[in-house]
Structures are given as structure tokens and as C-alpha cells.
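The structure under discussion appears below in the form of C-alpha cells.
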Amino acid sequence: MSEHRYSAGKLIIEILMIVLALLVFVPLYITFINGFKTYNEVATSTLALPQVFQFNNFAVVWKQINFLGVFMNSLIITVISVGGILFVSSAAAFQLVRRPGLASQIIFLAILSSLVIPFQTMMIPLVKVAQELKLINTLYGIIVMYWGFGVPFALFLYHGFIKSIPRELEEAALIDGSGTVGVYFRILLPLLKPITTTVAILNSLWIWNDFLLPLITLSSKKNQTIPLASSVYFGQYTNEWHLAMAALTMAVIPIIIFFLAMQRYIIQGITAGAVKG
């Protein structure tokens, strides 16, 4: 009887996993396959394979939106934003954990409180402040904004992870003559590799695919990111679905490759955090 229940439960879990996999795979399939069709084929047979693969769609998109240029913009924004988030949040978490007290608790809770504020409620004040600080329509401006939005959650993850690291390791380094900066770079950062990789991957996926923040802060065509540049194919009077799907395919391929190459580190980070906790 128990064996029968176990088999039934296992079957239900497997069915749920298949359904979840399809929910992820079907949109990717639709995006990819329709990038090789004509507009009429996309409109009449969305799920079918193309009668003739239209590779010219990708050449048209490459020229129309200056794909190499917007790709470099997205790459620069993503790399520098993620790097800044990792450094600021890990260094801040190190100090807040190793210097416990009322001030540290207040700072930590104040930073975390921003996580409960919807982004939509901050858009107008954000634009006003960014205009005053000359951050609108610049790559460095949007990078600073990503630092602000990305640090709170990253700080939360680092804070919990650092608390599980024995303080004795740092004290031994201090006795050997290493300063606080040396302890951070030589002792702490190598130990933070699992959680650092996880935070880097999650923030890379978010920033690379983000559309709303670039939409309200990057008005110049030369500073556009891939998602923003691809939106030219969706309009009030025209929808070039075949070109839009080709653009989305070109945009998503780099981040999918990055995710597949790094996904094992996500599992390692979660496992390490669970074991240490």
C-alpha cells in the first residue's frame, strides 16, 4: 500500500515537472521558430515550423537596430552594474555582520525596507532625482540606478551567508598582520564564491532583460539596450512579428548560453548556503 502511494506521489511530481518545463519551453520555442518565418506565416501558423527558413530576418534586424551597438550597451551596463552590486553588497554585509550593534541593525533594516516598495511608485521621483544629478540618458547613470536597486537583495543574501563563516578565520589573519581590507579580499571573498556566483547570475539575468528602467531613463538611440531597441517592432499601427521574434532570439541567446554555463554554480550556492545555515 505504501509503495503504491509512493509511486502515485512520484508520478504526480513528474507530471508537474513536465508541465512546468513546457511552460518554460513553449514561449522559447514560439520566439525562436517565428524568427525564421515571414509575417504572414507568424500570423496564420504561430506554432508550425516555417515553410522556408528566413535567415534574412536576422540580417535585417542586425542593420535596423544596430544590434552590435545595442549589444555592447547591454554588455557594458550588465557587467559594470553586476560588478558594483557584488562589491558594494559584499563589503557592506561584511561590516554590518562583523560590527554588530544598534547602528548596524538600523542600517541593515533601512536598506532592506526598499525591497517592499514597488518600483512603479518610485518611477516619477526617480526620474526627477536622476535629472537633477545628470544621470538621465547616460550609461553611467543607469548603472548607478541598478546599483541602488540591486544592492538591497544582494546585501540580504550576503548578510546571511557571512554570519555562517567562522570569525576565527578572520581573527587569525588579523593576528598575522593583515588589515581589514586584506581580510576582506584574501579571506572573505574566496569563501563567498558560491553565493557571489548565485547573486551574479540572478542580477545578470535581471539587468540584461530589463526593459522598464532603460525605457524611462535612456531616450537617446545610441544608448539603447537590446530590449529597448527591439521594441521598435511593436507599435500602435504596426507589429512586425517576424522581425520582433528574430530580435528577441538574438537578444536571448547570449544570456541563455551564460545561464547554462553557470547554472551548476547556482545549485552549489544554494546547497552551500543550506549546509552552512
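The values are calculated or read from the model by the stated rules, or taken from the named source; none is laboratory data. Quantities reported herein were computed from a predicted structural model and do not represent experimental measurements. Reconstructed Cβ throughout: ideal geometry from the backbone, glycine too, with neighbour counts over all protein chains shown. Side chains are part of the model used for accessible areas, which takes the heavy atoms of the whole protein and leaves out ligands, DNA and RNA. Shrake-Rupley method; radii C 1.70, N 1.55, O 1.52, S 1.80 Å.
See the values below:
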quantity	calculated
Considering residues of segment 121-178 that are crowded, with 19+ Cβ neighbours inside 10 Å and of a type in the set (Ser, Thr, Tyr) only, the residue nearest to the chain's Cα centre (by Cα)	Tyr146
Helices (runs of 4 or more DSSP H) (entirely within segment 166-277) containing at least 2 residues that are modelled with pLDDT under 85, among the β-branched types (Val, Ile, Thr) and farther than 25 Å from Ile33 by Cα	241-276
Tally of residues being open to solvent by less than 40 Å² (accessible area, probe 1.4 Å) and assigned to a helix (DSSP H, G or I) across segment 99-115	3
Selection count, segment 1-22, where residues are under 25 Å from the mean Cα position of the chain (by Cα) and at pLDDT below 85	2
Residue within segment 142-165 that is assigned to a helix (DSSP H, G or I), modelled with pLDDT of 85 or more and touching a His at 6+ places or on another chain (Cβ under 8 Å) present	no
Neighbours by Cβ (under 7 Å, 6+ apart or cross-chain): first from segment 187-202, of a type outside the set (A, V, I, L, M); second open to solvent by 60 Å² or more (accessible area, probe 1.4 Å) and assigned to a helix (DSSP H, G or I)	Pro194/Gln268; Thr198/Ile270
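Quick grid of which residues meet (1) free of Cβ contacts under 8 Å to residues at least 40 places away in the same chain; (2) of a type in the set (Val, Ile, Thr); (3) under 30 Å from Ile207 (Cβ atoms):
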site: Leu11; (1), (2), (3): yes, no, no
site: Val42; (1), (2), (3): no, yes, yes
site: Ser45; (1), (2), (3): yes, no, no
site: Pro50; (1), (2), (3): yes, no, no
site: Gln54; (1), (2), (3): no, no, no
site: Asn66; (1), (2), (3): no, no, yes
site: Asn73; (1), (2), (3): no, no, yes
site: Ala91; (1), (2), (3): no, no, yes
site: Pro100; (1), (2), (3): yes, no, no
